[in-house]
Amino acid sequence: MKILEQFKLDGQVALITGGNRGLGLEMAKALAEAGANISIASRDEKRNVDACQLIKDDYKVDCISHNCDVLTEPQIIK
């Protein structure tokens, strides 16, 4: 098996908190490049949607956006 094949994430889902900019977005891109579908959770819905569109267009994986503040318990426990 080739070394890069060991890192394939096809069929997996990665939840990225704060994934709509900076380091979080770069992590989302890297995981998408490895084949993972992406779920971005952050407070800024507009940036979430924009980041998801970028990931869908560039990496051809599914991406969904969740508008939430991970510091607010009722928003993350549903």
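Table for the structure above
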| quantity | calculated |
| --- | --- |
| Subset of segment 60-75 (residues that are free of Cβ contacts under 8 Å to residues at least 12 places away in the same chain and within 16 Å of I16 (Cα to Cα)) | L71, Q75 |
| Residue satisfying condition, being part of a helix (DSSP H, G or I), of a type in the set (K, R) and touching a helix residue (DSSP H, G or I) at 6+ places or on another chain (Cβ under 7 Å), within set K29, K46 | K29 |
| Residues satisfying the stated conditions in segment 44-78, i.e. more than 20 Å from L9 (Cα to Cα) and touching a strand residue (DSSP E or B) at 6+ places or on another chain (Cβ under 7 Å) | E45, N48, V49, H66, C68, V70 |
| Within segment 60-78, considering residues that are among the hydrophobic types (A, V, I, L, M, F, W, C) and open to solvent by 80 Å² or more (accessible area, probe 1.4 Å), the one nearest to A28 (Cα to Cα) | I64 |
| Hits in segment 4-24 (condition: open to solvent by 30 Å² or more (accessible area, probe 1.4 Å) and of a type in the set (A, V, I, L, M, F, W, C)) | L4, F7, L9, V13, L15, L23 |
| For P74: the one exception among (1) in a helix (DSSP H, G or I); (2) touching a Cys at 6+ places or on another chain (Cβ under 8 Å) | (2) |
| Residues of segment 28-59 satisfying the condition of being free of Cβ contacts under 8 Å to residues at least 12 places away in the same chain and open to solvent by 100 Å² or more (accessible area, probe 1.4 Å) | K46 |
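A quick yes/no check of all residues on (1) at pLDDT 95 or above; (2) on the phi > 0 side of the Ramachandran plot; (3) in contact with a Leu (Cβ under 7 Å, 6 or more places away or on another chain):
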| residue | (1), (2), (3) |
| --- | --- |
| G11 | no, yes, no |
| I16 | yes, no, no |
| L23 | yes, no, no |
| A28 | yes, no, no |
| G35 | yes, yes, yes |
| I38 | yes, no, yes |
| I55 | yes, no, no |
| V61 | yes, no, no |
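The values are calculated or read from the model by the stated rules, or taken from the named source; none is laboratory data. Computed from a predicted structure; not experimentally measured. For neighbour counting, all protein chains shown are included, and Cβ atoms are generated from backbone atoms with ideal geometry for every residue, glycine included. SASA here: full protein model, heavy atoms, side chains in, ligands and nucleic acids out. Shrake-Rupley method; radii C 1.70, N 1.55, O 1.52, S 1.80 Å.
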